[in-house]
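> Got a structure for you, written out below as structure tokens; questions coming shortly.
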Amino acid sequence: MGEQNFPAGYMACEACCCAGMAISATRIEMMDEHRLSVDECDNRIIRFNNCLQCAVCVAQIVDCIINNDTTEYIENVLECIASIVFCSVSGCMTAQVDHEVNLRDKAKSVSPITQGMER
């Protein structure tokens, strides 16, 4: 109901609050729409990112239970590494989508080449 009345607002909220999911969904939608195959290397990188995010959650739980300087330091280091990997993976996904959009736009704008007959 609300999304049909104000799609830009919902899109802005999704992009700000759930950036990872928005980028992943856009990439998957682009791949489905244009019947692009999934690269196994991309899947490995995405899985690695997901594992790092889970490791950060575990480190936060451990830090809440143990609550000392060492666990807090480990949590902060893991969170920093996970954030760097997340930003890198998100940038790659966004670049892939942008590249595909540009390819599709170029294909639409190029007029058919007329070839002359040779004698």
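The values are calculated or read from the model by the stated rules, or taken from the named source; none is laboratory data. Computed from a predicted model, the values in this text were never measured in an experiment. FYI the Cβ positions are ideal-geometry reconstructions off the backbone, even for glycines, and counts take in every protein chain you see. Calculation scope for accessible area: heavy atoms of the full protein, side chains included, ligands and nucleic acids excluded. Shrake-Rupley method; radii C 1.70, N 1.55, O 1.52, S 1.80 Å.
> Can you give the calculated 222 nm mean residue ellipticity of the chain, where each DSSP H run of n ≥ 4 adds -39,500 (n - 2.57) and the sum is split over every residue, rounded to the nearest 500 deg cm²/dmol?
One gets -28500 deg cm²/dmol as the mean residue ellipticity at 222 nm.
> What angle do you read, to the nearest 10 degrees and between 0 and 90, between the alpha-carbon axis of helix 19-33 and the longest principal axis of the chain?
The angle comes out near 30 degrees.
> Treat every Asp and Glu Cβ in segment 65-108 as -1 and every Lys and Arg Cβ as +1, leave all other atoms uncharged, and give the resulting dipole magnitude about the Cα centre to the nearest 20 debye.
Once rounded to the nearest 20, the dipole reads 500 debye.
> What is the distance, in nm, between label points placed 7 Å from the Cα along the Cα-to-Cβ direction at ASP105 and at SER24?
Distance between label points: 2.7 nm.
> Where only protein heavy atoms count, and the probe is 1.4 Å, what is the accessible area per residue for the chain in Å²?
For the chain, the solvent-accessible area averages 80 Å² per residue.
> So, one more: Round to a whole number: what % of the accessible area of the chain belongs to carbon and sulfur, probe 1.4 Å?
Exposed carbon and sulfur together represent 62 percent of the surface.
> Could you tell me how many degrees, from 0 to 90 and to the nearest 10, lie between the Cα long axis of helix 7-17 and the main elongation axis, the longest principal axis, of the Cα atoms of the chain?
Taking the Cα atoms of the chain, the angle to 7-17 is about 40 degrees.
> Please determine, in degrees from 0 to 90 and to the nearest 10, the orientation of helix 69-109 with respect to the longest principal axis defined by the Cα atoms of the chain, where the helix direction is its Cα long axis.
Relative to the chain, helix 69-109 is tipped by roughly 10 degrees.
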